[in-house]
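Student: Take a look at the following structure, please.
The values are calculated or read from the model by the stated rules, or taken from the named source; none is laboratory data. None of these values were measured; they are calculated from a predicted model. Note that each Cβ is placed from the backbone with ideal geometry, even for glycine, and that neighbours are counted across all protein chains shown.
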2 protein chains.
Amino acid sequence: MIYYIAVDIGGTRLRAARYPLEGLTADEVTRIHTKHKTEKPLERLINLLSDVWPEDGLVKAISVAVPGPTDPYRGVIIDAPNIPGWENLPLQQILEDRFQTPVALVNDANAAALGEWRYGAGQGHHDMLYLTISTGIGSGIIVNDRLLLGAHGLAGELGHTTILVNGPTCGCGQAGHLEALASGTAMLRWVEEQLTRGAISSLPKDEPLTGKMINRAAEAGDELSIQALSRAGTYIGIAIASFLQIFNPTVVVIGGGVSQSGDLLMVPLRHALEEHAMAPQYLDNLTITRALFGDEAGLVGALTLARELYPD
Amino acid sequence: MIYYIAVDIGGTRLRAARYPLEGLTADEVTRIHTKHKTEKPLERLINLLSDVWPEDGLVKAISVAVPGPTDPYRGVIIDAPNIPGWENLPLQQILEDRFQTPVALVNDANAAALGEWRYGAGQGHHDMLYLTISTGIGSGIIVNDRLLLGAHGLAGELGHTTILVNGPTCGCGQAGHLEALASGTAMLRWVEEQLTRGAISSLPKDEPLTGKMINRAAEAGDELSIQALSRAGTYIGIAIASFLQIFNPTVVVIGGGVSQSGDLLMVPLRHALEEHAMAPQYLDNLTITRALFGDEAGLVGALTLARELYPD
């Protein structure tokens with residue numbers, strides 16, 4: 001048997017899955033916590049890979065989805081903000097030396113975009129935008145059937161587009177990025193500000209708020225929560241209008257926890273998008289759709305990359 | 001002899017040039033006004049093409065740079081705002097029928113980007129952004145040695161990226177686009193607003209202002225004019241920081257009349273860009289440079305397209 005091994009690295013969990021040459025059904029999946037009292041994340045990753053390694057057969061390639069900026073050409077993790085010490089980490093070389101197998105690295109949002117394009121909501125499209133709206137806003141872009149990587153593999157950061165000069169501060173430290181206005185974190189911050197200013201809401205006042213609480217309250221009719229989702233959806237729609245004019249894609253795929261909010265986010269998003277597109281042609285034959293893969297987006301994406309780079 | 005014919009359509013002038021298979025020296029160049037009392041622009045274009053048609057020899061292709069959104073796949077001008085009646089004009093078919101020669105259409109900013117990439121300031125780069133700052137802001141993007149066109153050829157409109165939600169109105173009718181904040185038109189509007197509010201300036205008060213006047217006054221030390229250029233440069237720099245994160249190019253080429261302002265625009269632009277890039281890697285090995293071609297950018301670009309599509 002010949003296999004691909006896909007790895008999804010997260011700040012809290014490491015996951016690895018062994019896939020056959022075709023299909024999306026893994027023969028073996030394992031997951032462990034990224035952090036541990038005595039073992040470092042890199043040791044844990046190597047042990048995890050050993051766990052899914054086949055007893056018989058060949059591994060054609062290992063492909064790793066990384067939570068942070070990654071140079072896929074050099075195989076170096078530039079920065080993984082949630083994993084202390086992973087800066088300029090030549091993970092490709094380390095794993096190739098250890099496993100004597102080709103290794104590919106890719107940023108996790110780029111991986112997810114690849115997976116949605118090949119096996120998910122973007123199938124059959126040549127030009128696709130993928131946005132994942134959760135605590136941050138990640139993205140990946142398919143141009144002409146290829147993942148947009150740019151000169152050093154750092155392209156595709158749509159969440160860090162300035163849409164409001166001098167706007168609120170983003171997780172990256174800059175001001176007015178889409179992520180700073182419409183991510184789950186931005187939404188929580190906005191709701192907390194409104195509550196501090198005395199806004200009326202059914203949200204609990206004695207415990208830390210979460211995105212899920214806002215979703216639930218919005219569904220139950222809480223005006224402030226509805227407004228929070230609508231505000232985020234509007235900003236995302238305005239930004240997507242610009243992205244349509246930059247990329248002229250036929251599909252926009254939206255994933256991530258916040259996209260689970262359904263119509264309360266998506267209706268204002270579509271409305272803003274239609275209002276802000278500068279010509280109707282950008283909306284012709286355009287599909288806006290939810291991502292097919294949820295939690296497994298990173299694994300499927302890493303698998304997709306491995307199959308692209310090392311086809312059977 | 002074998003030739004290419006390149007055409008640059010403008011709201012005020014039509015230009016055509018006949019080029020040999022290689023080099024940038026035209027054998028014949030003609031230019032006429034686009035508008036005329038009795039002749040329609042399309043008739044004038046056809047006459048212009050006849051004028052540069054070789055007496056002996058073969059024309060391999062005609063390539064046309066169009067001042068407005070154009071579908072290069074279908075060969076249709078969707079809209080040319082400065083030429084009345086040119087909406088959904090199937091110019092490719094019209095010219096192919098008339099001249100029995102392959103015809104290609106391309107948006108003029110995309111053409112200029114192609115020209116700069118092949119023969120100008122972007123030579124040797126695989127990933128390039130081109131911005132032309134004049135009355136509006138046009139742009140063209142090279143990704144992996146290809147012009148970014150998108151599904152219907154309408155991609156690359158970086159000037160219509162929203163960078164200030166609810167900001168000033170753009171020529172396209174939308175709010176807060178880069179063009180509405182940093183084009184020549186936007187600069188004039190801002191200066192006029194400041195003058196109305198009583199700003200002190202050496203600019204003439206009794207005649208309509210032009211971009212050239214602002215340039216000249218700025219060079220002579222007029223604070224308001226210096227501020228106008230600095231403000232535009234800052235917005236362009238902030239926008240380019242976002243575009244670097246989207247495309248991760250190795251070169252940004254800046255053309256158009258406003259770019260002639262030199263350091264008074266470029267220094268604030270570079271400063272804003274460096275301040276707003278979210279990671280230093282986006283600035284590594286990045287060249288920011290002025291365009292090589294000025295007025296002839298459209299012709300050189302159309303020629304480049306013809307040579308790409310119909311190589312010798």
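Student: Listed residues A:VAL300, A:VAL258, A:VAL267; which is assigned to a helix (DSSP H, G or I) and surrounded by fewer than 17 Cβ atoms within 10 Å (Cβ to Cβ)?
Tutor: Going through A:VAL300, A:VAL258, A:VAL267 in turn, the sole match is A:VAL267.
Student: Could you go through segment B:256-277 and let me know if any residue there is touching a residue at least 60 places away in the same chain (Cβ under 8 Å), within 14 Å of chain A (Cβ to nearest Cβ) and closer than 24 Å to B:HIS125 by Cβ.
Tutor: No, segment B:256-277 contains no residue that is touching a residue at least 60 places away in the same chain (Cβ under 8 Å), within 14 Å of chain A (Cβ to nearest Cβ) and closer than 24 Å to B:HIS125 by Cβ.
Results for (1) among the aliphatic types (A, V, I, L, M); (2) at pLDDT below 95, shown as yes or no for each residue.
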{"residue": "A:THR12", "(1), (2)": "no, yes"}
{"residue": "A:ARG18", "(1), (2)": "no, no"}
{"residue": "A:LEU24", "(1), (2)": "yes, no"}
{"residue": "A:GLU28", "(1), (2)": "no, yes"}
{"residue": "A:LYS37", "(1), (2)": "no, yes"}
{"residue": "A:LEU42", "(1), (2)": "yes, no"}
{"residue": "A:ILE46", "(1), (2)": "yes, no"}
{"residue": "A:LEU49", "(1), (2)": "yes, no"}
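Student: Listed residues A:ALA104, A:ALA121, A:ALA112; which is more than 7 Å from chain B (Cβ to nearest Cβ) and buried (at least 24 other Cβ atoms within 10 Å of the Cβ)?
Tutor: Testing whether each residue is more than 7 Å from chain B (Cβ to nearest Cβ) and buried (at least 24 other Cβ atoms within 10 Å of the Cβ) leaves just A:ALA112.
Student: Would it be correct to say that A:SER242 is more than 14 Å from chain B (Cβ to nearest Cβ) and closer than 29 Å to A:ASP127 by Cα?
Tutor: Here the answer is no, as A:SER242 does not meet what is asked.
Student: Given the condition under 26 Å from B:ILE226 (Cβ atoms) and not in a helix (DSSP H, G or I), answer yes or no: does some residue in segment B:143-151 qualify?
Tutor: no
Student: Which of the residues belonging to segment A:270-297 are part of a loop (DSSP other than H, G, I, E, B) and polar (S, T, N, Q)?
Tutor: Hit for segment A:270-297 is A:ASN285, nothing else.
Student: So, one more: If a residue must be in contact with a Gly (Cβ under 6 Å, 6 or more places away or on another chain) and over 12 Å from A:GLN281 (Cβ atoms), how many such residues does segment B:68-82 contain?
Tutor: Qualifying residue count for the region: 5.
Student: Of the residues that make up segment A:289-306, is at least one within 14 Å of chain B (Cβ to nearest Cβ), out of contact with any His (no Cβ under 8 Å at 6 or more places or on another chain) and of a type outside the set (D, E, K, R)?
Tutor: no
Student: Check A:THR34, A:THR12 and return the single one that is buried (at least 16 other Cβ atoms within 10 Å of the Cβ) and in the same structural domain as A:LEU91 (by TED's automatic domain parsing).
Tutor: A:THR34
Matching residues to (1) away from chain A (no Cβ under 14 Å); (2) surrounded by fewer than 21 Cβ atoms within 10 Å (Cβ to Cβ):
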site	(1), (2)
B:THR169	no, yes
B:GLN174	no, no
B:ALA199	yes, yes
B:PRO204	yes, yes
B:GLU207	yes, yes
B:ILE214	yes, no
B:LEU224	yes, yes
B:GLN227	yes, yes
B:ILE238	no, no
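Student: Tell me, yes or no, whether segment A:280-298 has at least one residue that is free of Cβ contacts under 8 Å to residues at least 60 places away in the same chain and of a type in the set (Phe, Trp, Tyr).
Tutor: yes
Student: What do you reckon, is B:LEU303 modelled with pLDDT of 95 or more, closer than 24 Å to A:GLU87 by Cβ and in contact with a Ser or Thr (Cβ under 7 Å, 6 or more places away or on another chain)?
Tutor: So B:LEU303 fails the test.
Student: Determine if segment B:149-167 includes at least one residue that is within 19 Å of B:ALA306 (Cβ to Cβ) and not small (Gly, Ala, Ser).
Tutor: Yes.
Student: Another question, then. Among the candidates B:LEU209, B:LEU195, single out the residue that is in contact with a Leu (Cβ under 9 Å, 6 or more places away or on another chain), closer than 21 Å to B:PRO168 by Cα, assigned to a helix (DSSP H, G or I) and of a type outside the set (S, T, N, Q).
Tutor: Answer to the check: B:LEU195.
Student: Suppose we keep only residues that are within 27 Å of A:LEU264 (Cβ to Cβ) and assigned to a loop (DSSP other than H, G, I, E, B) within segment A:173-184. Which one would you say is farthest from the chain's Cα centre (by Cα)?
Tutor: Going through the qualifying residues, I end up with A:GLY176.
Student: Working carefully through the options B:ILE62, B:ILE77, find the one that is under 27 Å from A:PHE247 (Cβ atoms), of a type outside the set (Gly, Ala, Ser), at pLDDT 95 or above and buried (at least 16 other Cβ atoms within 10 Å of the Cβ).
Tutor: B:ILE77
Student: If you take the residues in segment A:132-167 that are on the phi > 0 side of the Ramachandran plot and at the interface with chain B (Cβ under 8 Å from one of its Cβ atoms), which one is farthest from the chain's Cα centre (by Cα)?
Tutor: My answer is A:ASN144.
Student: Can A:MET187 be described as under 30 Å from B:ALA180 (Cβ atoms) and outside any loop (DSSP other than H, G, I, E, B)?
Tutor: yes
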